[in-house]
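Just so it is clear, none of the values below were taken in a lab; they were calculated from the coordinates. Keep in mind that this is a model prediction, so the values were computed, not measured. When we count neighbours, we look across all protein chains shown, and the Cβ atoms used for this are built from the backbone with ideal geometry, even at glycine.
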Amino acid sequence: MNNNDIYWNHILETLPYERLRQLQLKKFRRIVDWAYNNSPFYKKLYRDSGFEPGDLKKFEDIQKIPKTDKGMLRDVQKRPPFPYGDILSVPIEDVTTFRQTSGTTGTPVYQADTWQDWEWWSECWSYILYAQGYRDTDRVFIPFGYNIFVAFWAGHYAAEKIGCEVVPGGVLNTEARILKMQELKCTAFMATPTYVLALAETATKMGIDPIKDLFIRRITCAGEPGASIPATKKRIEDAWGCKVYDHIGATEIGAWSYECTSQPGGLHVNDAFFLVEIEDIETGKIVDEPGKNGKMIITAFDRLGKPCIRFDSKDVIRWADYTCECGRTFRMIDGGVIGRADDITKVKGVLLAPTAIEEVVRSFPELGDEYEVVVSKAGDVDDILLKIEMSSWHAEKKDLILARLQDQLRLKTNLGYRIEVRPLGSLPRYQVKAHRFKDLRKKEGSH
Amino acid sequence: MNDRFDVKELSRTIGDLRANAERLLKAGGEMEAIKRNVTKILANIRMLELNISDVADITNS
């Protein structure tokens with residue numbers, strides 16, 4: 001294998017940073033022009049703010065362009081053409097694929113893609129899978145209920161594009177999926193971190209050792225931040241005996257970031273297909289220095305049916321202060337998505353990110369894979385209940401384990417917790433996005 | 001590493017592909033079997049343009 005064999009496109013992935021910036025400006029201008037001339041929504045948004053595409057002369061001008069957000073995408077759906085609204089930038093007859101967001105934060109957003117957009121989705125995923133070592137010798141299992149959610153659809157088509165043999169595990173239940181992976185000696189699969197752990201747990205219950213009895217060499221995760229949380233990543237890798245890779249994407253955006261096989265602790269941004277900006281949550285200023293958390297504002301350069309330009313994703317990320325030994329010049333974000341701006345909430349006056357709790361819980365080998373956090377009000381005081389699973393094997397050391405857990409939680413989050421210990425397997429299991437963090441204070445306040 | 005490929009030449013070849021596909025669409029586009037298959041071919045050509053042609057005119061300056 002020569003050096004070029006690690007890249008899907010070595011020309012773009014190793015382009016010197018200065019030239020990458022030139023490419024980004026050129027592509028940004030192109031998508032803004034396209035949206036302005038083809039989408040009534042974008043034309044109005046820009047005209048109302050006094051912006052014309054010709055005003056975009058240098059990189060810094062990008063920051064003057066109005067942002068978009070999920071609320072806008074929902075509102076626009078109330079206008080024709082049904083069901084997307086006038087953000088649509090192509091004739092409705094050119095739309096070939098419908099997807100929608102999960103609706104966890106409100107009304108689902110409908111996503112229109114043309115045939116070209118769909119090729120683009122799988123092109124973005126090809127960068128991801130190739131960087132993670134997928135080749136035409138892989139037999140890839142997709143344990144995903146192929147449906148209205150984009151999830152692993154594009155992963156499926158990208159794996160085909162790379163030349164892998166793809167096994168769609170759509171309507172099979174978890175046990176049948178494990179048996180099929182074993183029967184066909186599948187070498188890789190893609191799922192949410194939660195479901196990857198659930199698959200290992202179920203396999204073990206069936207008497208199948210995921211490491212000895214299956215043939216998995218790599219796993220690609222998406223949909224939740226788990227594969228970038230060191231304790232969760234380790235738990236998955238220990239359960240499956242192989243490397244687990246993270247990738248980040250979203251229905252309205254595309255698949256914009258990926259871990260490569262070097263795994264320096266962060267993910268590459270696909271700078272040739274996306275522009276990622278990080279905005280300070282307090283000041284609204286764009287942050288370029290590494291290590292500073294902020295909200296991601298993202299543009300997909302080449303998605304034409306329903307353009308995504310300066311979209312405020314609410315994902316909290318930070319630039320890495322390191323580069324990757326793989327040689328890619330694409331910038332890196334440190335530790336993946338740290339949280340969501342609307343998930344980070346004040347509890348007892350302290351900012352709490354649910355991912356910090358996961359990092360602690362999953363670092364305790366004595367505890368099960370699942371947990372749940374419930375924040376509520378006890379009188380005027382916030383209360384945090386953490387439900388965990390523990391095997392009866394550890395009953396004798398239970399108090400010691402709980403004391404250590406409390407210490408670590410306080411150290412990481414500056415907060416105290418009520419802890420409820422449940423038997424292994426008693427908390428809910430999720431196949432798609434997990435809902436482990438429940439803030440009942442909003443509901444209580446709304447009565 | 002990028003010198004192993006003549007990006008400008010690759011870009012010209014991709015341009016020829018697009019011109020041929022568009023010629024085919026113009027000549028036979030009233031036939032559904034041609035129209036729909038050429039549309040798919042053009043989508044794939046677009047991916048080549050994103051991968052190669054877009055960077056062909058980005059200079060070192």
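Residues in the stretch B:7-36 that are within 11 Å of chain A (Cβ to nearest Cβ) and free of Cβ contacts under 8 Å to residues at least 24 places away in the same chain: B:36 alone. Would you pick out the residues in the stretch A:60-103 that are among the hydrophobic types (A, V, I, L, M, F, W, C) and assigned to a loop (DSSP other than H, G, I, E, B)? Scanning the stretch A:60-103 gives A:65, A:82, A:87, A:88, A:90.
Among the numbered conditions (1) in contact with an Asp or Glu (Cβ under 7 Å, 6 or more places away or on another chain); (2) of a type outside the set (A, V, I, L, M, F, W, C); (3) crowded, with 19+ Cβ neighbours inside 10 Å, the only one that residue A:195 does not meet is (1). Checking A:202, A:232, A:187 one by one, the residue that is touching a residue at least 40 places away in the same chain (Cβ under 8 Å) and surrounded by fewer than 23 Cβ atoms within 10 Å (Cβ to Cβ) is A:187 and no other.
Restricting to the stretch A:16-38, give me the number of residues that are in a helix (DSSP H, G or I), more than 14 Å from residue A:90 (Cα to Cα) and within 14 Å of chain B (Cβ to nearest Cβ). Residues meeting the conditions: 14. Would you point out the residue of the stretch A:237-264, among those that are out of contact with any Asp or Glu (no Cβ under 8 Å at 6 or more places or on another chain) and in a loop (DSSP other than H, G, I, E, B), that is surrounded by the fewest Cβ atoms within 10 Å (Cβ to Cβ)? Checked the stretch A:237-264; the qualifying residue surrounded by the fewest Cβ atoms within 10 Å (Cβ to Cβ) is A:261. Answer yes or no: is there a residue in the stretch A:188-196 that is polar (S, T, N, Q) and within 23 Å of residue A:162 (Cβ to Cβ). Within the stretch A:188-196 (the criterion being polar (S, T, N, Q) and within 23 Å of residue A:162 (Cβ to Cβ)), the answer is yes, since at least one residue qualifies. Out of A:420, A:359, A:389, A:370, report the one residue that is acidic (Asp, Glu) and in a helix (DSSP H, G or I). Result of the check over A:420, A:359, A:389, A:370: A:359. Among the candidates A:362, A:340, A:404, A:422, the residue that is more than 30 Å from residue A:23 (Cβ to Cβ), within 28 Å of the chain's Cα centre (by Cα) and either crowded, with 19+ Cβ neighbours inside 10 Å or among the basic types (Lys, Arg) (or both) is uniquely A:362.
Going by the conditions given, is residue A:41 assigned to a loop (DSSP other than H, G, I, E, B) and more than 14 Å from chain B (Cβ to nearest Cβ)? So residue A:41 fails the test. Checking each residue in the stretch A:131-158 for being hydroxyl-bearing (Ser, Thr, Tyr) and either surrounded by 23 or more Cβ atoms within 10 Å (Cβ to Cβ) or touching a helix residue (DSSP H, G or I) at 6+ places or on another chain (Cβ under 6 Å) (or both) picks out A:134, A:157. Residue count for the stretch A:37-52, restricted to those that are without any contact (Cβ under 8 Å) to a residue 40 or more places away in the chain and either surrounded by fewer than 21 Cβ atoms within 10 Å (Cβ to Cβ) or farther than 19 Å from residue A:77 by Cα (or both): 10.
Of all the listed residues (A:13, A:60, A:52), the sole one being under 28 Å from residue A:325 (Cα atoms) and either within 14 Å of chain B (Cβ to nearest Cβ) or of a type in the set (Asp, Glu) (or both) is A:13.
Let's see how each residue does on (1) small (Gly, Ala, Ser); (2) in contact (Cβ under 8 Å) with a residue 60 or more places away in the chain; (3) in a strand (DSSP E or B):
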| residue | (1), (2), (3) |
| --- | --- |
| A:297 | no, yes, yes |
| A:302 | no, yes, no |
| A:315 | no, yes, yes |
| A:330 | no, yes, no |
| A:346 | no, no, yes |
